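See structure below.
The values are calculated or read from the model by the stated rules, or taken from the named source; none is laboratory data. Since we're looking at a predicted model, the values are computed, not measured. For neighbour counting, all protein chains shown are included, and Cβ atoms are generated from backbone atoms with ideal geometry for every residue, glycine included. The protein model used for the area step is the full one, side chains on, heavy atoms only, and it has no ligands, DNA or RNA in it. Shrake-Rupley method; radii C 1.70, N 1.55, O 1.52, S 1.80 Å.
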Amino acid sequence: MAKNIYEKIWEAHEVFTQPGQSTILFIDRHFIHEVTSPQAFEGLRAAGRRVRHPELTIATMDHNIPTTDRSRPIADPLSLQQCRALETNCEEFGIRCINMHDADNGIVHVIGPEMGFTQPGRTIVCGDSHTSTHGAFGALAFGIGTSEVEHVLATQTLLQSKSKTMELRVDGQLPTGISAKDVVLAIIGKIGTEGGTGYVIEYTGEAIRGLTMEGRMTVCNMSIEAGARAGLISPDFTTCEYLRGRENIPTDVAWPEIVDGWLAWASEEGCKYDRTVVIDAAEIEPQVTWGTSPGMVTGITGRTPVLSEIDDADKRASAAKALEYMGLEEGTPLSEITVNKMFIGSCTNGRIEDLREAAKIAKGYTLHPSIEQALVVPGSQHVKAQAEREGLDVVFKEGGFEWRESGCSMCLAMNDDVLKPRDRCASTSNRNFEGRQGKDSRTHLVSPTMAVAAAIRGRFIDVREWECKN
């Protein structure tokens, strides 16, 4: 029978399996950072264990590090302690640690592909929810807990139960002005935040194939927000060209042979899925979340919900609670919602393509007087350097935006980049939960272009109508 990519990767990585039991999977690549790894290393020490394959693990600092002047010490004692612990642990156990002063530093899910550590057909794990990002390369990638981090370090394997498979097909070509972020938010809006529970999603269709690798990473990144275990896109020549010549790509094997090996992981024609969902690309418009979960989202021409129009009592109660937290009235057009903060960055939208598209909107404009802060945070130091070579930083700074060092930043407010209570932020991150960007903060998830347009106009607008200045 024809197999899909998930079935192929799973079967190729089975170490031991028996009916009714979890499978032991071999893990090809392991990413760690300063937040979820300290307890795992303590567990290794307590048990007298070593790291089984230190060469298959890479560590980076990203969650706690400052995005301002890094010549100054980290101010928060806990953040400083976690960063120092990561360096100490990596030195003791023989793992490469990319500290905040390293030229390769960046968000874990940005630097993995940059370094070619992420490759098709791999199993990849990290103690971070958005590990599904790496699925854009045809890798089975998912987040794990602290005890599982320790298990992988000690054994290079993991106990897992096999998931069901969902094909999420986006048919047709994306209209002008529609980004990968709009695609994935529209998907979550359609299937809900629990729509992918129990599944690994494979994204297919003409619109997905037309995305760049940066766009594909954005889509796979937010698979977890739909409840999925992981997100995958079968590798193709776009995948291979992105990886060509990168660090960690074998040099002792001919390039055509590498490409053939990668492409062989793709789902086969006629393969089966447990569920298929189809979305028409032509119906997707710029998306804006209005509530406190990524599933509370609609197009820019829409409005916040009217509670009397929601039949389900639980959904009606959730919407009422979200509207109250967000300080919004029922039936408010999204184009009337004003913001006072903006954030571009995160493992969802902190790549060079995101910054290029944002700069096109920002060029020749300045921030609206109501905007108190607008952060542009590259996903890695390599992205930052590339953006500066292209002059993107100048465009942002001339418009009044703050140009920062790389890191997770305001995505989850674990460093100094935090919203104040009742701040309303146009954010390119992946979660808009209560307090995610700061206590009592209000987050609206959007694409980079929508975020910049909102910062310039002071409210959400349809970026498809934006007049770019050359």
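Centroid-to-centroid, using Cα positions, region 383-418 and region 302-348 are 28 Å apart. Between ALA46 and LYS321, the C-beta separation translates, for a Förster distance of 51 Å, into a calculated FRET efficiency of about 0.75. The accessible surface of region 131-203, taken with every protein chain in place and a 1.4 Å probe, is 48 percent carbon and sulfur.
In region 258-359, taking the dipole from charged Cβ atoms about the Cα centre, the farthest positive-side position among CYS347, ILE300, LEU263 is held by CYS347. Counting only protein heavy atoms and using a 1.4 Å probe, the accessible area of LEU174 comes to about 50 Å².
Each principal axis of the Cα cloud of the chain was evaluated for its coordinate range; sorted largest first, these ranges are 56, 55, 45 Å. Ranking VAL463, SER429, THR88 by how far each Cα lies toward the positive end of the dipole of the chain (charges on Cβ) leaves THR88 at the top. Loop-located trypsin sites (Lys or Arg not before Pro) in region 145-193 (DSSP state other than H, G, I, E, B) with a sparse environment of at most 16 neighbouring Cβ atoms within 10 Å: LYS162.
Site pair TRP255 and PHE433 shows an inter-label distance of 4.4 nm when each label is modelled 7 Å from Cα along Cα→Cβ. Here, region 1-155 yields an orientationally averaged convex hull projection of 10.4 nm² when only Cα atoms define the hull. This model, with +1 at the C-beta of Lys and Arg and -1 at the C-beta of Asp and Glu, gives region 318-470 a dipole about its Cα centre of some 120 debye.
Relative to one another, the C-alpha centroids of region 181-227 and region 257-272 are positioned 21 Å apart.
DSSP beta bridges fully contained in the chain are about 20 percent antiparallel. Kindly identify region 390-470 as rounded, prolate or oblate by the Cα gyration tensor criterion: order the square roots of the eigenvalues as a ≥ b ≥ c, call it rounded if a/c is under 1.5, otherwise compare a/b with b/c, prolate if a/b is larger, else oblate. Because a/c hits 1.5 or more and a/b fails to exceed b/c, region 390-470 counts as oblate. The alpha-carbon of LYS420 sits under 20 angstrom from the alpha-carbons of these aspartates and glutamates, leaving out residues fewer than 8 places away in its chain: ASP76, GLU324, GLU372, GLU402, GLU434, ASP440. Label sites at ARG96 and VAL277, each approximated as a point 7 angstrom past Cα along Cα to Cβ, lie 3.7 nm apart. In this structure, the residue pairs whose Cα-Cα separation is over 19 Å, taken from LYS190/LYS321; LYS164/LYS315; LYS8/LYS164; LYS8/LYS181; LYS360/LYS384; LYS190/LYS315, are LYS190/LYS321; LYS164/LYS315; LYS8/LYS181. Over the chain, Cα pairs under 8 Å with separation of 6+ residues give a relative contact order of 17 percent.
Treating r as the C-beta distance of THR17 and THR338 and R0 as 41 Å, the FRET efficiency rounds to 0.15. Given R0 = 60 Å, the distance between the Cβ atoms of PHE237 and ALA75 translates into a calculated FRET efficiency of 0.80.
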